[in-house]
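Everything below concerns the one structure shown next.
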Amino acid sequence: MFKYTLVIHGGAGTILKTDMTDEKELAYHTALEDALTKGSEVLAKGGAAVDAVRAATVSLEDNILFNAGRGSVFGKDGSQEMDASIMDGKTTMAGAVSAVQHIRNPVELAYAIMTRSQHVMLNGKGAYDFAVLNGLKTEADEYFFSEFRHDQWIQMQGSDEAALDHNVIVKDKKFGTVGAVAVDMHGNIAAATSTGGMTNKQFGRVGDSPIIGAGTYANNKTCAISCTGHGEPFIRAVTAYDVSCLMEYKGLSLEQAMNIVVHDKLMKIDGEGGMIGVDAKGNAAMVFNSEGMYRGMRSSNGINEVKIYK
Ligand code: ASP
């Protein structure tokens, strides 16, 4: 009998086997396995989908390999500003944070905004103050620093093309955002997404990840979706909500809807990336139009997989 499913991603992009060492591949596999374990422990105990996606996302944020929390990318001015969001499909309550610094787990801040404020999205300094007031963990700059992301930023020095052309200038086109979607034993679903955004971003640029309906969406009636990819087209396509609309208004299945959005609608506007999704019946899918997407799925029916390439 079906009980629960958890799906996670660690970003999409030009992730090629030829660029990967065995050591690096193992590190990514282990990190994804760890996040699946953290989230499915919650689900196996009968916990809520929203708590499972938090647990899995925190695990990925804490891992320096991914562009979220620790290991976030650097903006043009050398700062690391993070975005995150969470949505509970049972209540359609949502929380989001954009351009925040020094918060150890931005997804926990998004959750606190959802559960402890009367707002959906807080930004920058105000979001930081709210976090401190609510006892969330903060860290100094050194905690977030990673050599690899710093090198990516150095490669972009002198370029004013900023975030969008990062993909062209930096050879390895990767979006290391993280996210999770889950369906729990009670038939409730939830989604969470967290990111450092895009390297060399400036002017307070915010991507799709903290935008409810673009990077994240959850509604028990339809689906829970977390996206990763080039944020601007994802915002314009209202990507996550579009999957929900295709299911609600056209009666498409989760996978059909995700395929149309990722392989047709996003492709038409150069929207490179992908998404993970579940519905309340326990269907799950991982769909992307890029070379690869760090991803994994674990369910009570014995599915347990972690994949990187196409
Ligand atoms: N979607 C994120 C953004 O545009 C990037 C990513 O998915 O890695 O900020």
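Add +1 for every Lys or Arg and -1 for every Asp or Glu among the other residues with Cβ under 14 Å from the Cβ of Ile225, and state the total.
Taking every Cβ under 14 Å from that of Ile225, the sum is -3.
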query: So what is the 222 nm mean residue ellipticity for the chain from helices alone, if each DSSP H run of at least 4 adds -39500 (n - 2.57) and you divide by all residues, rounding to the nearest 500 deg cm²/dmol?
result: -10000 deg cm²/dmol
task: Please state the charge dipole magnitude for the chain, taken about the Cα centre, from unit charges on C-beta atoms (+1 on K and R, -1 on D and E), reported in debye and rounded to the nearest 20.
output: 780
- line: Listed residues Gly47, Gly292, Gly158; largest mean-square fluctuation, Gaussian network over the chain with Cα springs below 10 Å, found at Gly158
task: Please report, as a whole percent, how much of the solvent-accessible surface of segment 164-303 comes from carbon and sulfur atoms (probe radius 1.4 Å).
output: 53
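Please report the net charge: other residues with Cβ closer than 10 Å to the Cβ of Ala35, K and R +1, D and E -1. Intermediate results must be reported in sequence, preceding the final value.
On the way: positive: Lys38, Arg298; negative: Glu33, Asp34, Glu61, Asp62.
Taking every other residue near Ala35 into account, the sum is -2.
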- request: Taking amide H positions as placed in the peptide plane 1.01 Å from N, state which residues far from Thr92 in sequence (5 or more) or on other chains have amide H under 5 Å from it.
  value: Asn220
- line: Residue span Asn134 to Ile154: 0.36 nm per residue of separation minus Cα-Cα distance leaves a gain in nm of 3.7 nm
statement: Here FRET efficiency (C-beta to C-beta, Arg116 to Phe203, R₀ 25 Å, nearest 0.05) is 0.25
task: For the chain, set up a Gaussian network in which alpha carbons nearer than 10 Å are linked by springs, and say which option among Val132, Val97, Val238 fluctuates the most.
output: Val132
message: How much of the pair distance distribution for segment 225-285 lies past 18 Å, counting alpha-carbon pairs only, in percent?
response: 24
- prompt: What relative contact order, as a whole-number percentage, does the chain give when Cα pairs under 8 Å and 6 or more residues apart are counted?
  reply: 26
Among Ile86, Ile189, Ile269: highest mean-square fluctuation, GNM of the chain, C-alpha pairs under 10 Å: Ile269
query: Over segment 48-120, what is the relative contact order in whole percent, taking alpha-carbon pairs under 8 Å and six or more residues apart?
result: 25
Low-density loop cleavage sites - GluC sites (Glu not before Pro) in segment 218-310, where at most 16 other Cβ are within 10 Å (DSSP): none
task: Within segment 275-297, which residues have the backbone N less than 20 Å from the label spot 7 Å out from His29 along Cα→beta-carbon, could you tell me?
output: 292-297
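The values are calculated or read from the model by the stated rules, or taken from the named source; none is laboratory data. Since the structure is predicted, the reported quantities are computational estimates derived from the model, not experimental observations. Cβ: placed from backbone, ideal geometry, glycine included. Neighbour counts: every protein chain shown. Heads up: the accessible areas ignore ligands, DNA and RNA and are worked out on the full protein's heavy atoms, side chains in. Shrake-Rupley method; radii C 1.70, N 1.55, O 1.52, S 1.80 Å.
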